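First the structure, in the form of structure tokens, and then the observations on it.
Here, each number is a calculation from the coordinates, and none is a lab measurement. Here the structure is a predicted model, which means the values were calculated and not measured. For neighbour counting, all protein chains shown are included, and Cβ atoms are generated from backbone atoms with ideal geometry for every residue, glycine included.
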């Protein structure tokens, strides 16, 4: 759940005018990994979804898997990953974007993803 405060800047920027609350996931990855029972017909559908994501992730090269694991799951910085991989942060960003595009492309062809309208 994300929470965002909106300020009335003309009067007092430190006093929130209202607080908006949204239950929508903040990112694609949060949506994929959250266990929200109301969105799935059964536990089997959730298992099938996780298997699809795992299979798509495993179809990536070892380098891309390492990069995405370090950035998305371990929370390492771009520079930290670049040092470990022996390349500049600009190249790490380029590779990360390409790996995410490939993962998105692979997942968009999966029937379960298409059925849900996430493609």
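Gain in length, residue 88 to residue 46, computed as 0.36 nm per residue apart minus the alpha-carbon separation, to one decimal in nm? Mind dumping the intermediate values first?
Working: separation 42, 0.36 × 42 = 15.12 nm, distance 3.79 nm.
That works out to 11.3 nm of additional length.
By count of other Cβ within 10 Å, fewest leading, how are 64, 101 ordered?
Working: 64 18, 101 10.
Arranged by neighbour count, lowest to highest, 64, 101 become 101, 64.
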